[in-house]
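For reference, the structure is listed below as structure tokens.
The values are calculated or read from the model by the stated rules, or taken from the named source; none is laboratory data. This structure is a prediction, so every number in the text was calculated from the model and none was measured. Cβ placement follows ideal geometry from the backbone for every residue including glycine, while neighbour counts extend to all protein chains displayed.
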Amino acid sequence: MPKLSIVITAVNISPEHIQMTKECIESLKGVDEIVLIECGKEMSDTKTHIKIYFSEIIPPNKARNLGLQVATGDYIGFLNNDTKMIEGNLKDLCRENTATSPIINNEISPYGIWGAFFVAPRNIFEKIGGWDERFEMYWDDNDFIKRMEQANIKREIIESVKFIHYVGKTNPFLRNCKKVTKESELKFKQKWNL
């Protein structure tokens, strides 16, 4: 059976955020390795295998790429800490040469994967690279999908695995959300000549 690593990016700036991160980790089923990239306040006892802590807040894609470097799984998943697994087994997301995503908030992403959580074989990241750090936040999942499409990589939604995403609950950029979203959209359109 292939090894599954999950990279969780967590911005813990209050006790509520720390509790949400703990609940996220405790909800996971079928994971071989948890890599926690933690910014802000450091949690003490967590069921993680690899933990990297920054006292300052770093951009999400920089944290994800760091997690990608240290994760040892054959499959790598990326998960926001404001998400919680409610049904299924994450091993179901391990599909050869395919990026997969669970059902999140009982919706299917129009893009085929959610930025909040998806899993892909390590060789996909080796083929198309990690997360584009030019995107501070938002539109980075769209960029990843465009690169997958260029490489003719399949994607699919696995309906047996379900999550709840508490959208924006731990987002330190939320106060500038509209500005960051607009800037990221512009970067995406410029990059892809849209």
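In the range 9-26 there is no residue matching the filter, namely being at positive phi and touching a strand residue (DSSP E or B) at 6+ places or on another chain (Cβ under 7 Å). Considering the range 57-100, and only residues there that are of a type in the set (Gly, Ala, Ser) and within 15 Å of Val7 (Cβ to Cβ), the residue that is farthest from the chain's Cα centre (by Cα) turns out to be Gly73. Contact map, the range 50-68: residues that are closer than 11 Å to Glu136 by Cβ and surrounded by 15 or more Cβ atoms within 10 Å (Cβ to Cβ) paired with residues that are at pLDDT below 85 and of a type in the set (Asp, Glu), Cβ distance under 9 Å, separation 6+ or inter-chain. Pairs shown: Pro59/Glu136; Pro60/Glu136; Asn61/Glu136.
Output the number of residues of the range 63-79 satisfying the condition of being β-branched (Val, Ile, Thr) and farther than 17 Å from Leu90 by Cβ.
Within the range 63-79, the first condition is being β-branched (Val, Ile, Thr), and the residues that meet it are 70, 72, 76.
Adding the requirement that they be farther than 17 Å from Leu90 by Cβ leaves 70.
The total comes to 1.
Quick grid of which residues meet (1) in a strand (DSSP E or B); (2) touching a Phe, Trp or Tyr at 6+ places or on another chain (Cβ under 8 Å):
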position	(1), (2)
Glu23	no, no
Lys29	no, no
Val35	yes, no
Lys51	yes, no
Asn61	no, yes
Leu68	no, yes
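Here's the yes/no breakdown for (1) among the polar types (S, T, N, Q); (2) modelled with pLDDT under 90; (3) closer than 22 Å to Cys24 by Cβ:
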{"position": "Cys94", "(1), (2), (3)": "no, no, yes"}
{"position": "Thr98", "(1), (2), (3)": "yes, yes, no"}
{"position": "Gly129", "(1), (2), (3)": "no, no, no"}
{"position": "Ile158", "(1), (2), (3)": "no, yes, yes"}
{"position": "Tyr166", "(1), (2), (3)": "no, yes, yes"}
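Output yes when any residue across the range 20-31 is closer than 27 Å to Thr181 by Cβ, buried (at least 17 other Cβ atoms within 10 Å of the Cβ), without any contact (Cβ under 8 Å) to a residue 60 or more places away in the chain and not polar (S, T, N, Q), and no when none is.
No: zero hits.
A single entry from Lys51, Lys3, Lys47 fulfils the requirement of being under 20 Å from Ser101 (Cβ atoms) and over 13 Å from the mean Cα position of the chain (by Cα): Lys3.
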